[in-house]
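**Q** Below is the structure I would like to discuss, written out as structure tokens.
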Amino acid sequence: MTSLLLISFKTLIILKTNVHSADVIIYGGTSAAITAAVQVKKMGKSVIIVSPDTHLGGLSSGGLGFTDTGNKEVIGGLSREFYQRLYAHYQNSEAWNWQKKEEYGNKGQGTPAIDGTNRTMWIFEPHAAEKVFEDFVKENKLPVFRNEWLDRSSYGIVKTNGSVRSIKTLSGNVYKGKMFIDATYEGDLMALAGVSYHVGREANSVYGEKWNGVQAGIFHHGHHFKSKISPYKIAGDASSGLLPEISSEKLGANGTGDTKIQAYCFRMCLSNHPENRIAFPKPAGYDAKRYELVAKVFDAGWRELFDKYDAIPNRKTDTNNHGPFSTDYIGKNYDYPEASYERRQQIIKEHELYQKGLLYFLQNDPSVPADVHEQMQKWGLPKDEFKDNGNWPHQLYIREARRMIGDFVMTEADALGKTAIPKPIGMGSYTLDSHNIQRYVTEDGYVQNEGDIGVHPDKPYSIAYGSILPKESECNNLLVPMCVSSSHIAYGSIRMEPVFMILGQSAATAAVLSINQKIAPQRLSYDILAQTLEKFGQRLKL
């Protein structure tokens, strides 16, 4: 879901209906959508990408350049090829405009960013990633219909005998196919097709888990208030009212479920090169009082602001949330998964204004400590990124939205590497990672965050074929490689971009094989699927 919307959802005049047909219709413009489409073409079938996005690649080209990889040995197929193409890009001296290659620190997540042995590059600039996706499109002659938004009303889908026959977009275009793939962060096609799904955290009792549900007092990262800070406008005086960005809602008991989801943010690409940076603009409606809580955090001695200004090439960053009050807009996205397009755009804009306001506050407000203020003067938005969107990322980080309840549900034990997974189609290895979900007032009257969980798997784990399949009784020609069938906490590991690309390729492989055999994907021989996936370089198990 892009932050730049080029059509009006409320008043759309349909002048003509155009019908487009292909063997496989992919809805989405994400990294998984592109790898899925490439795989369909490699296997000799026709494909159409129906993308609500103008820019392709989702978060992989939208600011998340410091890749969350885990064990890189389990990343295969087209996902690995994506990072190999980035390696080739950065071997060219012309790619280093603002920094010499030898000056780049080469720090990645647990491995060098530039891995010469495996010819992979795991850390990269947004525009470089987008070029790789566009190269995939061009080389494979992939038909891409951009700015095409699924009509989420009953008129947007034709489904008979459990099969999706066609989908329609708000422009009036109709797309007919034999197989469909929902490769979006939101799962709109999945939902429209009548497939079961879940939003929010399950109670631990649902799947016999430990780290799902409410997790008050659990602090696995540094994203909590380490000092006792009053949540009130007048310290200690509840009658003065809460400071901004604190909820008055009471927490449920630990381990209980709710309909809340982990916080979203923009992964910000910043620059400290004097010739390639723009001072952070003062956003519309800016109010410094909104950020009073972060000033109190500084007053308490916190100085970790720059810990997640992770370096990417050319003196830029992938700046992520870090600390008790940061870029995550906690508690302001609960309705996003089911919201209308108009409401989603409002939520996206609210996140943009919140983060722009925070940057402006940190760079300009007199309450910011002198040492932080001095460091912030070095940073700005990069002139050469997101040039058609005011140098701001075009993709909000939708960390979690709908999650399918499919043929097989991946749970905590599966994602921790403690179980034998049936019918593996790819692998994951990253920490079970949930960002904060609530900011609340504790029983003893202080502000605190809740929901930040990080649990390391025992080993890399396989991902089940059934986790991308709806129940056959609900839909027999749809695959869902992003809003996969998993619990909230298992999804915290699966939701990484390299894994999405892996699952996109595997979903496409299953779709083509099912077309060839004229059967539902749920009935496809796993032996044939596994052999084909391995032929194309997928890594299925240790």
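**Q** Under unit Cβ charges (Lys, Arg +1; Asp, Glu -1), what dipole magnitude, rounded to 20 debye, does the chain have relative to its Cα centre?
**A** My answer is approximately 1360 debye.
**Q** Using alpha carbons only, how many angstrom separate the centre of the stretch 139-172 from the centre of the stretch 463-542?
**A** So the two Cα centres are separated by 21 Å.
**Q** Still on this structure: Take the Cβ-Cβ distance between residue 21 and residue 237 as r, set R0 to 51 Å, and report the resulting FRET efficiency rounded to the nearest 0.05.
**A** 0.15
**Q** Sticking with this one: Place the peptides 179-189, 270-280, 248-258, 471-481 in order of packing, highest mean first, counting for every residue the other Cβ atoms within 10 Å and averaging per peptide.
**A** Final packing ranking: 179-189, 471-481, 270-280, 248-258.
**Q** Would you tally the net charge around residue 166, using a Cβ to Cβ cut-off of less than 12 Å, leaving residue 166 out, and scoring K and R as +1, D and E as -1?
**A** In short, +4.
**Q** With every protein chain present, what is the per residue accessible area of the stretch 10-100 (1.4 Å probe, Å²)?
**A** 35 Å²
**Q** Let me ask you something else. How far apart, in nanometres, would the label points at residue 335 and residue 377 be if each is projected 7 angstrom from Cα along the Cα-to-Cβ direction?
**A** It works out to 4.3 nm between the two label points.
**Q** Tell me which of 192, 354, 120 sits at the most positive position along the dipole axis of the chain, charges placed on C-beta atoms (Lys, Arg +1; Asp, Glu -1).
**A** Of the candidates, 192 comes out farthest on the positive side.
**Q** Sticking with this one: Once the Cα atoms of helix 77-91 and of the chain are each reduced to a long axis, what angle between those two axes, in degrees from 0 to 90 to the nearest 10, is obtained?
**A** It is inclined by approximately 60 degrees.
**Q** For the chain, give me the percentage of DSSP beta bridges that are antiparallel, rounded to the nearest 5 percent.
**A** About 70 percent, rounded to the nearest 5.
**Q** Per residue, how large is the accessible surface of the stretch 449-489? Use a 1.4 angstrom probe and give square angstrom.
**A** That works out to 20 Å² per residue.
**Q** Which entries of 42/418; 210/541; 42/535 show an alpha-carbon separation above 23 angstrom in the structure shown?
**A** Too far apart for the 23 Å limit: 42/418; 210/541.
**Q** Give me the angle, in degrees from 0 to 90, between the Cα long axis of helix 31-42 and the longest principal axis of the Cα atoms of the chain, rounded to the nearest 10.
**A** Roughly 20 degrees between the two axes.
**Q** On a 26 Å Cα-Cα criterion, which of the cross-link pairs 282/349; 308/332; 228/250; 332/471; 72/131; 308/383 come out too long?
**A** 332/471
**Q** If you don't mind, another one. Over the chain, what percent of the accessible surface lies on carbon and sulfur atoms, probe 1.4 Å?
**A** Result for the chain: 50 percent of the exposed heavy-atom area is carbon or sulfur.
**Q** Mind putting a number on the dipole of the stretch 429-542 about its Cα centre? Charges go on the C-beta only, +1 for Lys and Arg and -1 for Asp and Glu, and I need it in Debye to the nearest 20.
**A** Approximately 660 debye in magnitude.
**Q** Just to confirm the number: angle between the C-alpha axis of helix 126-139 and the first principal axis of the chain, 0 to 90 degrees, nearest 10?
**A** Tilt relative to the chain: about 10 degrees.
**Q** Another question, then. Return the whole-Å distance between the Cα centroid of the stretch 43-60 and the Cα centroid of the stretch 178-231.
**A** Centre-to-centre distance over Cα atoms comes out at 26 Å.
**Q** Follow-up. Mind ranking 432-439, 152-159, 168-175, 45-52 by how tightly packed they are, going by the mean number of other C-beta atoms within 10 angstrom, highest first?
**A** My ranking of the peptides, most packed first, is 432-439, 45-52, 168-175, 152-159.
**Q** Something else about it: Quick check on packing: order 446-456, 314-324, 363-373 by the mean number of other C-beta atoms within 10 Å, highest mean leading.
**A** 314-324, 446-456, 363-373
The values are calculated or read from the model by the stated rules, or taken from the named source; none is laboratory data. Treat the numbers as computed from the prediction; the structure is a model and nothing was measured. Cβ: placed from backbone, ideal geometry, glycine included. Neighbour counts: every protein chain shown. Note: accessible area is taken over every heavy atom of the protein model, side chains too, but ligands, DNA and RNA are not part of it. Shrake-Rupley method; radii C 1.70, N 1.55, O 1.52, S 1.80 Å.
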